[in-house]
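First the structure, in the form of C-alpha cells, and then the observations on it.
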Amino acid sequence: MPPVFAHGRLRLYLLKLLDEAPRHGYEVIRLLEERFQGLYAPSAGTVYPRLAKLEAEGLVTHASEGGRKVYSITDAGRAELAGRGAELDDLEREIRESVSELAAEIRDDVRGAAGRVRSEMRAAAGRTRAAESSSFTEAKEELRRVGQEWKEQARQARAEAKSARHQAKEFQRIAQQVQEEVQDRFSRGDWPKGVWEGLSDITAQLGGLVAGTTHPKAAGQEPPFAAAPADEAPEWARDTEGSGDPARDLDRLLDRFRDEIRDAARDHGVSQEQLAETRAQLSTAAVRITGLLRSRPKA
C-alpha cells in the first residue's frame, strides 16, 4: 500500500489543522482519523515529533493547559500555508483518493478473508461428513458385534437352563427312588440300614454331578431300589454295622456323608450351576429323610 502522506505532506496538513483552531496532540491524531473515515490513524510517535519540529522552525507555538500542550499556528506558519495553497488543494484531493484506495484494499482483504473462511468451512464440513460416515460405519459394526454376542449369550443361557431343568428332573426321580427304597427298608423294620444306604446312594450321585458325570443309577443302568454297587459306594456306606445307639450312629453317618461331599467338591471344583442344583438336591433329600425319621413307629 502506498504511503498516505508523501514526503512533507503531513507537515503541511498539520499546519492546516492548527490554522483551523489551536489543538493538543491527541486532538490532532483524532481529527486525522476522522478525515480518513477511520481507515488511517497516525501514531503519537508520528505526530508529536513533527509538531516539535514545526515549533522549532517557528511555525507553531504551544501553551500548557491542564497539563497538556495546546499548539497554535504562528504568523510565519500562516504565511507558509498561504504560499502553498495549490499544494494544499492537491493534498486534499490525494487524501480523498487515499481514502478510496484504502477502502478498496480493505474490501479486497475482506473478500479474500471471506473466501478463505468459506473454503475452510467447506473443507471442515467435508471432513465432518467423512468422520460422521466413518463413525456411523463403526457404530453399525459395533452394534452388529454386540448383537451377535447377545445372541450367543442367550443361546448359552437357554442351553444351561435346559440342562439345569433336566438335572433337576433327574434328581427328583433319584430322590423318589431313594425315598421308596428307604421306606421299603423301614416297612421291613430295617430303617437304620435304609437311611444309611439311602445317604450312600445320594452321596455317590451328588459326587457324580459335581465331577460332571452321571451316576449309573441316574442313567437307568441299575434296577430300581438297588443299593449302589460295592465298588462304587464309599467305604463308610459299606459299613452298616451299628453301635447299638441309632442316634449316635446317625450323627456319625451324617458327618461322614458331609466329608464325602466336601472331598468331591475339593477334588473336582464346584460351578455356580452345580452349587444351585446341589442345594436343591440336598433340600429335597433333607425333606425326604426327615419325613422318614418323623414317621418312625414308637416301640
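Rolling a 1.4 Å probe across all protein chains gives residue 64 an accessible area of roughly 90 Å².
If R0 is 45 Å, what FRET efficiency do you get for residue 282 and residue 129 from their C-beta distance, rounded to 0.05? E between residue 282 and residue 129, to the nearest 0.05, is 0.10.
The residues of region 250-299 have, on average, 72 Å² of accessible surface per residue, using a 1.4 Å probe with all protein chains present. Computed extension gain for residue 241 through residue 17, at 0.36 nm per residue and net of the alpha carbon distance, reaches 67.1 nm.
Take 101, 120, 80 and sort them by solvent-accessible surface of the protein heavy atoms, 1.4 Å probe, largest at the top.
Most to least solvent-accessible, the answer reads 120, 101, 80.
Distance between the 7 Å Cα→Cβ label points at residue 120 and residue 155: 5.4 nm.
Cα extents for region 25-147 along the principal axes, largest to smallest and rounded to whole angstrom: 96, 37, 17. Distance between the 7 Å Cα→Cβ label points at residue 176 and residue 89: 13.0 nm. Using the Cβ-Cβ distance between residue 275 and residue 141 with R0 set to 41 Å, the FRET efficiency works out to roughly 0.60. Shape class for region 242-296: oblate, because the ratio a/c of the largest to smallest gyration tensor axis (alpha-carbon atoms, square roots of eigenvalues) is 1.5 or more and b/c is at least a/b.
Test of understanding: what is the full-extension gain from residue 295 to residue 69, defined as 0.36 nm times their sequence separation minus their Cα-Cα distance?
68.8 nm
The values are calculated or read from the model by the stated rules, or taken from the named source; none is laboratory data. The structure displayed is predicted, hence computed values, not measured ones. Please note: Cβ atoms are built from the backbone with ideal geometry, for glycine as well, and neighbour counts cover all protein chains shown. Please note that ligands, DNA and RNA were not included when accessible areas were found on the heavy atoms of the full protein model with its side chains. Shrake-Rupley method; radii C 1.70, N 1.55, O 1.52, S 1.80 Å.
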